[in-house]
Each structure stands twice: as structure tokens, then as C-alpha cells.
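Peer 1: Would you mind keeping the following structure in view while I ask a few things?
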Amino acid sequence: MEIHKSGIPKLNPDQERAVKAPDKPILIVAGAGTGKTRTLTSRLTWLIERGVRPGKICALTFTNKAAREMAERVANNETQNVKYGRAHDTRFADDALPFIGTFHSLGVKILRENAHLVGRKPNFVIFDADDAFRLIKKAMKDFLGDRKDFKPADVYGKISGVKNGMTDRKDLLGMPGGDNKIFSEIYRHYEDRLLKNNAFDFDDLILKTVEILRDNPKALERYHERYSHFLVDEYQDINNVQYELVRLLAGKNSNLSVVGDHNQTIYTWRGSNLGVFLNFSRDWPGGEACFLGENYRSTANILAAASAIIKNTRKPEGIESDRLWTKKAVGGRVKIVEFPHEFAEANWIAGEISSGLKGLGQKGSLVAVLYRTNAQSRAIEQALIENGVPYQIFGGIRFYERREIKDILAALRLISNPGDELAEERLLKAFRKARFAELKRALNRLEATSPAPLITAFIEATAYFDYIDRNLTNPEDRKENIAELLSFAQGFKTLEDFLEKVSLLQTTDPVTKHKIASVNLMTIHLAKGLEFDRVFVAGANEGVLPHHRSMDNAEQLEEERRLMYVAMTRAKSDLCLSFYDLPSRFLSEIPSDIVEFNGGRSFDDEERYITLD
């Protein structure tokens, strides 16, 4: 990368306009692969070069990885006023360095300095999701006793939603319906337990910080004096509480620079408010919007295909066009392939990857298989193992290592072999002793010999879905994993054959341990921000992508569209979209002249997709 003598990397005209914009609210709309982090980092460096004291700058990110990357890039840039000797993301009050960290890390720092204002001591502890879930179950026990009509997972989700949406617990009491009053009381018991433990949960790190700054003008003024300039990465993912924090901190001087891409808003289910991004000019009068349109990642064909998917999505005020362009080669056509079922799809993907690794010398680490839900990984994992292709699950757990799958397999092993001590121990941990004895009797009465009906019988005998709802996080994802296991089991006539196959899939796994050469498997959500030479998007089906739960909601359906866009724009040179059953509605929107249907056959109304078996 060419570097100016000032230390700022050479920028294209759009990037330079954003970097050198005057002191006022700046919205940088940065499409996929357009150098978002580089531009924001360069603006931070330019501010320092222009005379802003480093310690007056606060840069906020959503992940520790993004904070480290930004800090390291700034550390590598020398300016006239400061030379960064090392990355910085933890020292808070050192005036020689900017603060670069996550929203939550800034919240922790402010809370440590002002813990007494929210009834805590400075040495408070932070409860993670598992800690919070257990505490909620205790709070429910406090108020509900043995009542079973409220599920801990639902209560946990609702509390998190309230904390991220800035809905006060008192407001719930005024809402119609007895359930809101009950929930409000559970919330109160939960908050009392947090206070008693001198603890905050993860959502509190921002919510309580906002409460301190909102309710204590002197505390807010201290941070106005400490910081004069704010930068925010991935602004499209901001939720209501994070927005309130930014508004409180940056509202006095309005020296705010934010960067993001509305077409990559894929976390509204977690509280992200796309309206904050789209309405930036209303919230920050006198601001300016800049668009970065030159993509440095993907070929022209991949960009054209992705752009066709999102050409009609909503745009921020002040942005007339958000179409990306590139100086890179046109590249090969985007492949779309149909299969009769998911196993054929997985086997073909594994074969294509294997051929690329062995025949063309491709590196596994440059290849990714993306999917909409975690349950989809099972068939792909099996196909890769059987083809001898090393892989790693990025940011997730391998299918047969997931808790709900291990519970069901333990039950099946115990049916097959009543003397299986380890399987019995696992089930004893999951179920109370009396209930386990009842379960064993129920299992012994089963007459079925094939695995699928046995799995169904186990679920019914243990009310296992209810157990998941009451005791485990992400219950819907876990149920989808079980449905996938059940689908796989239907292909086996005997329990012994099924258990043998599963065992072999696990014990023939050593080849997958070498991460350097491993192919990457991950959900599309986890792929955001990453790039690979070759990308396979599996399960581009109607009902999968877009997901069936989004079909009746226009906003959720638009988010599924953005999710497809994110998946497609991870690819640098080779993109393949595959499906079985019904094709995703998004596939038909890709121009036929840039699509290859198994050897480049033409696209027409009667035969849109070629089936490979």
C-alpha cells in the first residue's frame, strides 16, 4: 500500500473526501470491500495530524477484533505530532493516546469510575450470558415458585431486549396484560440479585453507563471535557442504547464520524436499529454523507450479482446511489446449481473443494462454505470428512459436539447398550435422578429398532423440547439441530448402523484438526467482515434463505435479502450458490448473462436451474 509522507495511506478520491471532511457530523457509507476500516483509521490519523490531541479522540467498535485492528493500523502510522509505539485499547485516561475499544469496554471504564452512582463498588464483576441465565432462573424461582408457564429462555431474551431497547421496567407495568406485570416483577428480582452480587450483566455495561451520563450532568461534563472527537465503526449495527450513549457523549460538539453499510445490516433481531443509520442527517443536523463505492475485493461479475440482489433496498438520506464498482477483472460467472437434496449438495461441494485443493493447489484457508443456520453444517461436515477435506467451524461448535446432539446420542447409546456407563452419566447430569429412572423404564419399553422413531420417542418421553426451552439458550437453533439429526437418522434401518456411522464421523476427524490448511465453515452472520478467494453459499433455498420465519414480515424479509448480499460479497474471485427443493427468490434476480448454470447453459423461464445428482 502506498503511504504518504504524513503516514496516511494513499486514498482514492471518495476516501480522501471522507477522511479530510471538516469538523461536523460525518456519515461514511462504505459498501462491501471498499476500505471501511482503512478510511476510518485514516480519519483518526488525520485528526491528530491536524492538531487534535490524541487523548481527545474516542473510537468505538463492536468487536475486540475490530478494535485491535484499528489500534494496530494507527500504531503503524507516524504523524507529525505522535508516534504510536504499540496498539492501545485499554488505557483510558492517558492523554498521549486515543481510546480505541468496544462500546462495552468504554462502558466498563466509565462504570469503574462512577460505580457508586448505580449502587455498585468499583470492583464489580461482569456476568456472562451463562451466569445471567442462571441468575434469571433463580429470580424466577423467587417470584414464581414452581410455576412452569414462563420459560427462562423467553424471559432472558425479553430482559435483554428491554435493556437494549431502552424500555424502562416501569413502562411494562402500564402495558395491558398480566404477563407484563409478572415479567416486570421477575425483572425486579433479577436486578436485585445483580445488585446483591455487586455485578452487572453484559447488557448493563452500556445501559447503566447511559443512565449515569443521562442522570448526572457533572459526570457527563467530565467526559465532554475528556473527549472532543468521536468515531464509530459499523454504525449500521447500532442499537437504541448505543445510539443514546453516542448522542450523550458526542452531542455537545457534534464532532462525530461514523462508518457503516446499510446493506449489511443483519442484526436487527439482536436490537440493531437501521433507522439510526438511515436517518443520520435528521439526528445530526448540518452533517455530511460520503459514499465509498470502489470495491477492492470482488470481481465485476460477483459485484454485479450482489448489487442486483439489493438494488431496491432503502438508502440513507443524502445518498442517491449505493452501487459498487471495481477496477478488477470481470472474472468468471457466478455459479448456480440445483440438487435433489441436501446430501447431494454437500457431496458436490466437498468434491469441488477437494478437487481444488488437490488438483489446483488451492489453500483450504482461502475457501469458505457459508450457510444460513448452524443445523446446515451437519451434512457439509460429513461430506468433507468423507472426502478427506480438513475443515474448521469458525466461531461455532461442530455438529456432534453440540449439547443437545450429545444428549440424544447418549440416550440412543443407552438403548443400544444398557451398560454404557458414560452415556448414563451424561443423562443423569441432564435429568434429575427420579426422572432419569422413569426415562430408563420408558426407553426399555420401546419396541422400535430404527433410530428416527427412537429419537422421536426420546424427545416425547423426556419433554426434551420443553427442557431446552427452560434450561438452554438459543432453544430454536437447538431444535433445528435436532431436526437435522432426525432427518439424517431416517436414512438408517437399524440403530447400530446409525451409531456406527456417527462414531466413524467423529473418530475419522483428526484430519480436520490442522487449521492452517482447513476449509472454513460458518454461518453468514459470522462471515461478515471476512473475505475468501472461493465461497460456496449452501442452502440458497426458499424457506432457508430467506428463512421461513421471515416470510410474513416485510422488514425481516428485507434483512434476509441483506444477508444474501453479505454472503455473496465475501467472495473475491469464485462464487457458487447452491440449493435443493425450491430456489431462493433472490436467485432469479441475478442477471442471466453473468450466471453459469452447469457449463454456461442459458437462463430462461422454463428451465432456470440445472440439476446435478
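Where a number appears in this text, it was derived from the coordinates with a stated rule and is not lab data. Small disclaimer: the values here were computed from a predicted structure and weren't measured. Glycine gets a Cβ as well: all are built from the backbone with ideal geometry, and neighbour counts include every protein chain shown.
Peer 1: Checking a compactness column here: for segment 400-507, what do you get for Rg(Cα) / (2.2 N^0.38 Å), N being the number of residues?
Peer 2: Relative to the 2.2 N^0.38 Å estimate, segment 400-507 comes out at 0.99.
Peer 1: Here's a follow-up. So how much slack lies between Lys327 and Asn76, counting 0.36 nm per residue of separation and subtracting their Cα-Cα distance, in nm?
Peer 2: Once the chain is fully extended between Lys327 and Asn76, it gains 87.6 nm.
Peer 1: Just going by the charge dipole of the chain, with Lys and Arg at +1 and Asp and Glu at -1 on Cβ, which of Leu428, Asn598, Gln490 is farthest out on the positive end?
Peer 2: About the Cα centre, the residue reaching furthest to the positive side is Leu428.
Peer 1: First check a/c for segment 247-364, with a ≥ b ≥ c the square roots of the eigenvalues of its C-alpha gyration tensor; if it is under 1.5, answer rounded, and if not, answer prolate when a/b is larger than b/c or oblate otherwise.
Peer 2: Details: a/c = 2.68, a/b = 2.19, b/c = 1.23.
Prolate.
Peer 1: Another question about this same structure. Using the Cα centre as the reference, give the magnitude of the dipole from point charges on the C-beta atoms of the chain (Lys, Arg: +1; Asp, Glu: -1; all else neutral), rounded to the nearest 20 debye.
Peer 2: On the way: 88 positive and 87 negative charges, 454 e Å.
With only Lys, Arg, Asp and Glu charged at Cβ, the dipole is about 2180 debye.
Peer 1: I've got another one for you. Using a 7 Å offset from the Cα along the Cα-to-Cβ direction at both Leu582 and Asn253, what is the distance between the two label points in nm, to one decimal?
Peer 2: Placing both labels 7 Å along Cα→Cβ, they lie 5.5 nm apart.
Peer 1: Could you list Asp146, Asp574, Asp466 in order of exposure, starting from the residue whose Cβ has the fewest other Cβ atoms within 10 Å?
Peer 2: Starting with the residue having the fewest Cβ neighbours, the order is Asp146, Asp466, Asp574.
Peer 1: Pulled fully out, how much extra length does the chain show between Ala463 and Thr313, if you take 0.36 nm times their separation in residues and subtract their Cα-Cα distance?
Peer 2: Additional length available on full extension: 49.7 nm.
Peer 1: D for the chain, whole µm²/s, Stokes-Einstein with Kirkwood Rh over alpha-carbon pairs at 10 °C and 1.306 mPa s: what number?
Peer 2: Numbers: Rh = 26.8 Å.
Taking Rh from Cα pairs, D becomes 59 µm²/s.
Peer 1: As I understand it, the dipole of the chain uses +1 on the Cβ of Lys and Arg and -1 on the Cβ of Asp and Glu, about the Cα centre. Which of Ile468, Leu530, Gly419 lies farthest toward its positive end?
Peer 2: Leu530
Peer 1: Given the DSSP H assignment, sum -39500 (n - 2.57) over each helix run of at least 4 residues in the chain and divide by its residue total; what's the result at 222 nm in deg cm²/dmol, nearest 500?
Peer 2: Calculated at 222 nm, the ellipticity per residue is -14000 deg cm²/dmol.
Peer 1: Among 414-427, 97-110, how do they line up from the highest to the lowest mean number of other beta-carbon atoms within 10 Å?
Peer 2: Highest-to-lowest ranking by the protection proxy: 97-110, 414-427.
Peer 1: May I ask for the Kirkwood hydrodynamic radius of segment 23-63, worked out over all distinct Cα pairs and given in angstroms to one decimal? Could the numbers behind the result be given before it?
Peer 2: Working: mean 1/r = 0.0864 Å⁻¹.
When all Cα pairs of segment 23-63 are included, the Kirkwood radius is 11.6 Å.
Peer 1: For the peptides 180-190, 362-372, 38-48, what is the packing order when you average, over each peptide's residues, the other Cβ atoms within 10 Å and list the highest mean first?
Peer 2: On the way: 180-190: 18.6, 362-372: 21.7, 38-48: 24.5.
Listed from highest to lowest mean packing, they are 38-48, 362-372, 180-190.
Peer 1: Along its three principal axes, how long is segment 272-320 when you only count alpha carbons? Whole Å, largest extent first please.
Peer 2: On the principal axes, segment 272-320 reaches 38, 20, 19 Å in Cα extent.
Peer 1: For segment 346-417, what log10 I(q)/I(0) values come out of the Debye formula at q = 0.25 1/Å, with one point per alpha carbon and no solvent?
Peer 2: Result of the Debye calculation: -1.14.
Peer 1: For segment 104-245, max minus min Cα coordinate along each principal axis, in Å, sorted largest first?
Peer 2: Ordered largest first, segment 104-245 gives principal extents of 52, 32, 26 Å.
Peer 1: For the pair Arg112 and Asp477, what calculated FRET efficiency results from E = 1/(1 + (r/R0)^6), where r is the Cβ-Cβ distance and R0 = 25 Å, to the nearest 0.05?
Peer 2: Numbers: r = 34 Å, r/R0 = 1.38.
The value I calculate is 0.15.
Peer 1: Within 10 Å of each residue's Cβ, count the other Cβ atoms and sort Met551, Met70 from fewest upward.
Peer 2: Met551, Met70
Peer 1: Tell me the relative contact order for the chain as a rounded percent, counting alpha carbon contacts under 8 Å between residues six or more apart.
Peer 2: Once normalised by length, the contact order is 17 percent.
Peer 1: Ratio of segment 337-484's C-alpha Rg to 2.2 N^0.38 Å, to two decimals?
Peer 2: Its radius of gyration relative to the 2.2 N^0.38 Å reference: 1.24.
Peer 1: Under the classification rounded if a/c is under 1.5, otherwise prolate if a/b is larger than b/c and oblate if not, where does segment 170-311 fall, given a ≥ b ≥ c as square roots of the Cα gyration tensor eigenvalues? Present the calculation step by step, with values, prior to reporting the outcome.
Peer 2: Working: a/c = 2.50, a/b = 1.50, b/c = 1.67.
Because a/c hits 1.5 or more and a/b fails to exceed b/c, segment 170-311 counts as oblate.
Peer 1: Further, regarding this structure: Which length gain, in nm to one decimal place, applies between Lys493 and Lys141 when the Cα-Cα distance is subtracted from 0.36 nm times their residue separation?
Peer 2: Length gained between Lys493 and Lys141: 122.3 nm.
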